[in-house]
Structures are given as structure tokens and as C-alpha cells.
1. Could you pull out every residue, at least 5 positions away or on a different chain, whose amide H is within less than 5 Å of the one on residue 331? Hs are placed 1.01 Å off N in the peptide plane, and Pro or chain starts have none.
2. Fewest Cβ neighbours within 10 Å first, please rank 465, 331 accordingly.
3. Rounded to the nearest 20 Debye, what is the dipole magnitude of the chain about its Cα centre when Lys and Arg each give +1 and Asp and Glu each give -1 at the C-beta?
4. Using only Cα atoms, find the angle between the long axis of helix 73-86 and the longest principal axis of the chain, and express it within 0 to 90 degrees, rounded to the nearest 10.
5. Using the number of other C-beta atoms within 10 angstrom as an exposure proxy, rank 207, 588 with the fewest first.
6. To the nearest 20 debye, what is the magnitude of the charge dipole of the stretch 78-120 about its Cα centre, counting +1 on the Cβ of each Lys and Arg and -1 on the Cβ of each Asp and Glu?
7. Please enumerate, by chain and number, the lysines with C-alpha under 19 Å from the C-alpha of residue 508, excluding those fewer than 8 residues away in the same chain.
8. Got a sec? Charge dipole of the stretch 263-355, +1 on Cβ for Lys and Arg, -1 for Asp and Glu; which of 268, 352, 322 is way out at the positive end?
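Readers should treat all values here as calculations from the given coordinates under stated rules, not as data from a laboratory. No experiment lies behind these values; they were computed from the predicted model shown. Because the Cβ atoms are built from the backbone with ideal geometry, glycine has one as well, and the counts that use them run over all protein chains shown.
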Amino acid sequence: MKILLLAVNAKYIHSNLAVYSLRAYAGANRNPALPVEIEIAEYTINNRPEEILAGVYKAEPDLLCVSCYIWNISCVTEVIEEYHKLCPGVPVWVGGPEVSYESERFLREHPAVTGVMRGEGEQTFLELAAFYAEIAPGASAGMKGAAGVSAGAKAGPESLQDIRGIVFREGAGVRVAGEQGAREMPDGERICATGEREPVDMSAIPFCYEDMSDFENRIIYYESSRGCPFCCSYCLSSVERRLRFRDIALVKKELAFFLEKRVPQVKFVDRTFNCKHEHAMEIWQYMKEHDNGVTNFHFEISADLLSPAELALICGMRPGLIQLEIGVQSTNPATIREIHRRTDLSRLKENVRKIRQWHRVHVHLDLIAGLPYEDYVSFARSFDEVYALRPDQLQLGFLKVLKGSYMYAHAAEYGLVYRTQPPYEVLRTNWLGYGELLALGQTEEMVEVYYNSGQFETTMKLFETCYESPFALYQSLGSFYERRGYFSMSHSRIRRSEILLEFAEAQKKELLPVLRESLIFDLYCRENMKSRPAWAADASEWRELTRKYCKNGKMSHVERFFYRFPDRETLRVSELPGREREPVYVLFDYERRDPVNRQADYCYIAEGVNIR
């Protein structure tokens with residue numbers, strides 16, 4: 001019997017930990033007398049549904065299981081419906097957060113789906129595989145007692161009713177005579193739900209990354225714990241609060257594997273990695289002691305929970321060894337209380353400032369627009385407070401009203417109007433109108449382009465000196481893009497720079513002289529440009545300096561400036577630099593890059609002297 005586990009990821013570089021975990025667990029625990037082949041098929045939402053359909057059809061599975069999330073549910077339901085027309089006798093089961101809540105409704109709306117695996121799927125999938133293996137064509141009716149089954153081997157369940165944690169159509173799993181075993185469901189069919197599945201022992205789940213050939217050039221996802229101790233009202237992790245940890249000896253063994261293979265990046269999917277101090281310390285200490293100089297580890301943490309010992313450990317790590325994602329969500333006390341977060345904002349800010357000062361860790365901070373009691377003015381304050389911490393990335397997200405969350409149950413109370421289709425993004429609240437959310441969307445795009453990209457670091461610091469707040473700057477820039485119709489166009493990096501000059505011409509003409517040079521500085525900090533910006537001076541004017549200092553060809557570049565720009569350690573500036581009487585020259589070295597932000601190393605040069 002062949003089972004196909006289908007995953008449709010958001011991007012090619014992503015991988016789906018869930019399907020690999022299901023296969024590993026079933027492979028380690030299945031009854032050896034039941035011949036089951038488990039295959040994984042991974043696609044992305046950029047694949048056309050007909051491509052995925054063709055791949056699933058050619059795989060010829062006897063059972064199809066699909067991993068469902070908000071980013072892929074529209075695609076996978078289309079594939080399932082078309083596949084069912086072609087192979088109506090093949091049972092289709094779904095699992096994942098997008099179908100684990102309101103499962104009965106999902107089945108009624110999608111008649112091609114046989115059933116839903118709710119919650120954690122490892123043991124549930126194991127039992128489903130055993131059940132279908134026994135009723136598959138060619139399987140003997142008495143397989144459980146057949147010769148060759150070793151004593152103590154796990155037998156398959158007698159019926160779907162015996163499998164906990166599933167919702168299915170009455171009569172599912174019963175094969176009837178006819179072409180491909182097809183069976184029409186009667187009108188008024190009943191939906192059956194079994195009891196809740198107990199959480200799996202985290203240490204009982206086998207490591208699923210023994211063969212790394214499937215993960216070349218892709219992000220590796222890993223979990224050392226499940227559950228979350230907090231109860232944030234917008235998050236599904238608050239529903240499952242049974243916190244469990246993988247045995248630390250196993251974790252270290254598996255981290256050693258990643259380090260030995262020199263995996264570029266491992267993302268921990270633990271909801272709050274540092275919620276247990278001893279667990280976090282052991283893992284971080286192991287990473288520091290066994291650092292291979294290549295592998296980067298990503299964690300989601302609560303910064304206000306960081307202890308002095310954890311901060312000291314982080315301070316001693318190689319720059320770039322870890323990166324931290326920190327959910328601030330809002331700095332409005334009324335909002336924080338209403339969404340049931342327990343955040344010490346003062347301590348969070350203090351800890352983030354310390355980490356940023358060390359310049360060893362890539363820091364990613366999150367905000368959510370559309371939360372209760374957060375109006376436009378309040379959100380602008382939250383933005384400015386978080387921006388002042390100067391994270392490497394500031395993600396401005398929008399509330400998604402997820403099925404199963406507290407926010408979903410209380411949507412009417414908060415006046416939440418949200419999209420009917422995934423990802424269920426908020427359209428309006430009692431505190432924010434649709435027009436205001438549209439304006440925040442424009443601001444968010446400007447932050448992505450001009451801040452999070454890291455491509456305009458110096459220029460945006462200079463822009464900030466002429467606006468009352470960072471939020472006002474990005475809001476104004478978003479309005480400019482809208483007026484000029486630039487949101488509907490695709491722009492190169494140089495074109496984005498030209499637009500900033502247009503913006504300055506219209507808004508802040510006094511900035512133009514210094515911005516023309518700061519933009520060139522930013523462009524060459526990132527890469528040795530193949531084509532020179534139209535407003536840049538003729539580089540032949542300092543040809544002799546280039547010959548003298550650029551000994552490694554395209555891996556270095558010399559540029560002339562009449563301004564000295566703030567170094568990277570200066571997180572923000574209060575005034576514009578003055579124009580130099582004599583030009584200064586900067587050498588950009590692309591072989592030496594900052595391990596945290598990947599910008600080129602640079603220094604000011606003079607005859608016989610290098611000045612940092």
C-alpha cells in the first residue's frame with residue numbers, strides 16, 4: 001500500500017516539518033507485517049494547481065494525506081476536488097491548523113475529503129496507515145493474526161472509531177464494489193468525531209533529517225518543545241498549553257548532526273523557546289561550544305524573559321550564530337491586557353537594546369495592526385517605540401482572525417470584520433477603519449522596501465532627522481508612492497533610490513545634496529554595482545586610487561564622497577553631516593562582510609593611511 005503525504009509550502013526554500021515527522025514516526029512504529037510505503041511530495045504555492053494535480057495522480061497513492069495551512073488551503077482544496085474526480089476511490093485525509101478547528105464544517109463544505117486529523121498527527125497518522133493497510137486490496141482479512149506478525153507487534157485498529165483525534169464521514173474506509181471502489185455519499189450523511197488525542201511524547205518522535213539530500217538549499221525546521229505557556233488571544237498556540245520538551249540529550253545529538261553537515265540555517269519552531277531557562281541555556285551553551293562558524297540558528301523568544309545568564313551567554317557568541325524573533329505586537333498597555341499577553345515592556349526594551357549594542361545577533365521585532373484598543377494614533381506610537389530599538393527587521397503584520405482562537409470567538413465584541421478567505425486578515429475593527437488599515441498597509445510596504453531590506457540604511461537615518469517621527473516618514477513615503485502610482489509597478493534597486501530622490505525633491509529639497517551621496521554609499525555597501533547610478537560622479541576621476549587599493553577585482557570598490565556618514569554602530573543620528581571641504585574616499589571590501597547584516601566592510605582611505 002502506498003501513502004502520499006502532500007505538502008504545499010509558501011516558498012521553495014521552506015520545508016514542511018510536519019510531513020517528515022509523520023513519516024519518521026510511522027516508519028519507526030508501524031506493524032512490520034503491514035506493507036506500507038510512505039512517500040512525500042512537496043510543492044509551493046507558486047506551482048500551478050494543475051502541476052500539483054498531475055504529480056499526485058502520477059504518484060498513484062492508495063491513500064492521500066494533505067498538510068493544510070492558511071497560506072495553502074485554497075490551493076490544496078482545489079487539487080483535492082479535481083483529484084477526487086479522477087480517483088474517487090482513493091481516501092483523502094487532511095491535517096494541520098487550518099482544518100483542526102471546525103472540522104465538521106470543513107468536511108461538509110468539501111465532500112471530496114474523507115476525514116480530518118485534528119491536532120498532533122504522529123500517532124493518529126500511524127493508526128490511519130495501519131487501518132488502511134489492512135483494508136487495502138490484497139490485504140488478508142485476518143492480517144492481525146496472520147503468521148509472521150511478531151509477538152507484541154502493534155495491530156491496526158478495527159475501525160476508524162477506534163482512532164482518536166479524527167473527524168470523518170460515516171462509512172469512510174468501507175470499500176464497495178465498483179470502478180476504483182467509488183461510492184456515492186448519501187444525502188444527510190453523518191459526520192463522526194472521535195475523542196481527543198493525547199499529546200505525543202516529544203522524545204518518542206524519531207529524528208527525520210538523516211538524509212539531507214532532500215533539503216539542499218532549503219531552511220531546516222526543528223522543534224525542541226511543543227505548546228506554549230502563554231494565552232495570547234490571537235494565537236492558536238494558546239489553545240494547546242500543554243508544554244512538553246524533547247530530551248536534551250536527543251536535542252544535542254541532533255544539533256551535532258546539523259553542525260557536522262554544516263547546514264546554513266536551522267529554524268526552531270518552538271513557540272517561546274526561552275520559556276524554560278534551563279532548557280534554553282543548555283541548547284545555547286551547546287551551540288556556542290560546538291559552533292562550526294557556518295550554521296545559523298533562529299529562535300522565537302520572549303525578550304522580557306531573558307535572564308542575566310542568558311544575556312551573558314548570547315553576548316559571548318560568534319556574530320551571526322543565532323538570530324532572535326521577538327513578538328512585541330503592541331506597546332499600548334490596554335491592548336496588551338486585552339490580548340492576554342504578559343509582557344514587561346521596560347525589561348523587553350532594555351534587553352533588546354543590550355543585544356543590539358553587541359551587534360552579534362540579528363534581531364527581528366514584530367508588531368500587529370488591528371488588535372483591540374489599538375487605533376491609528378496608538379499604533380503609530382507602538383511603531384515609533386519599537387523602531388527606536390533599531391531591530392534588523394521590523395515586521396508590521398496585520399491581525400489574522402484564526403479559527404479556534406479567542407479572537408475568533410470574540411470577533412463581534414471587537415467589531416472585527418475580516419476576509420472570508422484565508423488568511424482571514426482584518427478589514428475593520430472598533431478602533432481602526434478600513435481606510436486606516438489601507439494606509440498602514442502602504443506604510444508596511446515602505447518599511448519592507450526601505451528598512452527591512454537593509455539596502456538604504458544610511459539614507460533612511462538621514463531622512464529621519466527631518467521628520468517628527470519614523471512613522472511619519474514611512475507614512476509620508478507611502479502616500480507619495482500612492483500619488484505617483486508606484487505601488488503597481490516593479491522597481492529595481494536603483495529605481496527605488498531614484499524614487500527617494502524624487503520624494504526628497506517634493507518634500508525636503510534641503511536633503512538632496514547629501515542624499516545623492518548617501519544613496520551611492522548604500523548601493524555600494526551592498527554590492528559592487530554593475531551599472532553606475534545616473535547621478536553618480538565619473539569614477540575615472542579617482543582611477544589611480546582604485547588601481548592602488550582594489551587588488552581583488554570586483555570584490556572591492558573605491559568611491560568618492562564629500563560627506564562622512566555615520567558608522568553602523570550609530571543606530572540613529574540627530575543631524576545631517578556637514579559637507580567636507582576636500583573629498584574623502586571609501587574602500588568597500590566585498591570579501592569581508594558583516595556577519596549579521598551581510599553589508600560590505602568599508603574604511604576611509606588616504607595616502608598611506610586607512611581610517612575606520
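1. 382
2. Numbers: 465 15, 331 21.
Ordered from fewest to most neighbouring Cβ atoms within 10 Å, 465, 331 come out as 465, 331.
3. Working: 75 positive and 86 negative charges, 254 e Å.
Value, rounded to 20: 1220 debye.
4. Between the helix axis and the principal axis of the chain, the angle is about 40 degrees.
5. Numbers: 207 16, 588 23.
Starting with the residue having the fewest Cβ neighbours, the order is 207, 588.
6. Working: 4 positive and 8 negative charges, 33 e Å.
Around 160 debye, computed over the stretch 78-120.
7. Qualifying lysines at Cα under 19 Å: 461.
8. Ranked along the dipole, the leading option is 352.
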